[in-house]
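Working notes for the structure below.
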Amino acid sequence: MLEKTGHISVREGRRKQRRGRVAGVRMSKEQFEELWKLARRGFTDPATTITYDDGDENFTAFSPANLWEQVGDVDELDNVVCKVWQDNPYRSVEIEIGPDRWTTYTVQADDSTWALGRYEELTEKLVAYQHFLVAVATKKPEISSGAAWIPRDVWSKNSVRKWELATAIAISMAAVGAATATAFYVMLTVAKLTGIMWLEDGKTRPVTPEDLAYRGMAFWGAVGLWCLWATAKRLTAINMRSRIRTKPPRREYDSVAVLSLVFTILSVLVAVAQLVSAK
């Protein structure tokens, strides 16, 4: 019989389970060894197993060192399942890296406090392994509520992505600045073409080329920044997509990334030209 209290599964009245997942995590050998040490912490005499599929062959080991002896140098790990467990007291940690964009981890124990603590530690560690742009572009860590996955922050007020609010505010301020610069530039351009007078400091006067140049510099500077942001996000997404093997690259270059980079360069050049003409 399965009873649910919060999001803790109670099996046979005593065994507690916590299951979560984090998107876009691929780690180096050193990071995997750190994660393995964290997973093993608190066990007395555990049984261990690590399985790794490199696409051509399956490997089974009982420790990272034993795995490295079999596979040699690996830049980033994918398609890895590692498990640590013991019977008395019952504790189990299982981590699945890939094969899709999620890294899933399950913690079970007789002691609910230990299960919750280890789950939180694993969540913080995996989020710390995310590339920043990947973290911005992916979902929040999720927790299993049985048949569905829900954002972890719905359950826990203890956020592991403390940069998230500051990043959202910075992006919003940049968007407002870009929108303001665009509005001023369009307004002055229309005023120049139609002969409408420009109101400044309570006085009306014709729109001058310097007015257009300064506002144009702000406008094209904003365009350049957004194109640069789009380029960085696109390249990061392509890199992550190739690393987690969800979609093979169709060509040697990505047209969207190339166009974004071209528009970034053009925007910067136009902004510099506007600044020069204003002087």
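The values are calculated or read from the model by the stated rules, or taken from the named source; none is laboratory data. This is a predicted model, so every value here is computed, not measured. Backbone-built Cβ (ideal geometry, glycine too); neighbour counts: all protein chains shown.
Pull up segment 146-185, narrow it to residues that are of a type in the set (S, T, N, Q) and modelled with pLDDT of 60 or more, then point me to the one that is nearest to Q17 (Cα to Cα). Step by step, filter segment 146-185, then rank; the result is T167.
The C-beta contact set for segment 50-67 (first residue closer than 12 Å to N79 by Cβ and free of Cβ contacts under 8 Å to residues at least 40 places away in the same chain, second residue of a type in the set (F, W, Y) and surrounded by fewer than 18 Cβ atoms within 10 Å (Cβ to Cβ), distance under 9 angstrom, 6+ apart or interchain) comprises I50/F59; I50/F62; T51/F59; Y52/F59.
Could you check segment 93-107 and list, in sequence order, the residues that are at pLDDT 90 or above and surrounded by fewer than 20 Cβ atoms within 10 Å (Cβ to Cβ)? Correct list: E94, E96, T104, T106.
Enumerate the strands (runs of 3 or more DSSP E) found wholly within segment 58-134, keeping only those where 3 or more residues are over 17 Å from K37 (Cβ atoms) and among the polar types (S, T, N, Q). In segment 58-134, the matching strands (runs of 3 or more DSSP E) lie at 102-109. Those residues that are of a type in the set (F, W, Y) and loosely packed, with under 13 Cβ neighbours inside 10 Å, I need them from segment 33-69; list them, please. F62, the sole residue that qualifies.
Select from segment 122-145 the residues that are among the β-branched types (V, I, T) and modelled with pLDDT under 80 and write down the one among them that is farthest from A230 (Cα to Cα). Looking at residues that are among the β-branched types (V, I, T) and modelled with pLDDT under 80, I get T138.
Within this structure, A23 passes the test of being touching a residue at least 40 places away in the same chain (Cβ under 8 Å) and either in the same structural domain as Y105 (by TED's automatic domain parsing) or not polar (S, T, N, Q) (or both). Restricting R26, R19 to those that are under 20 Å from T106 (Cβ atoms) and assigned to a strand (DSSP E or B) reduces the list to R19.
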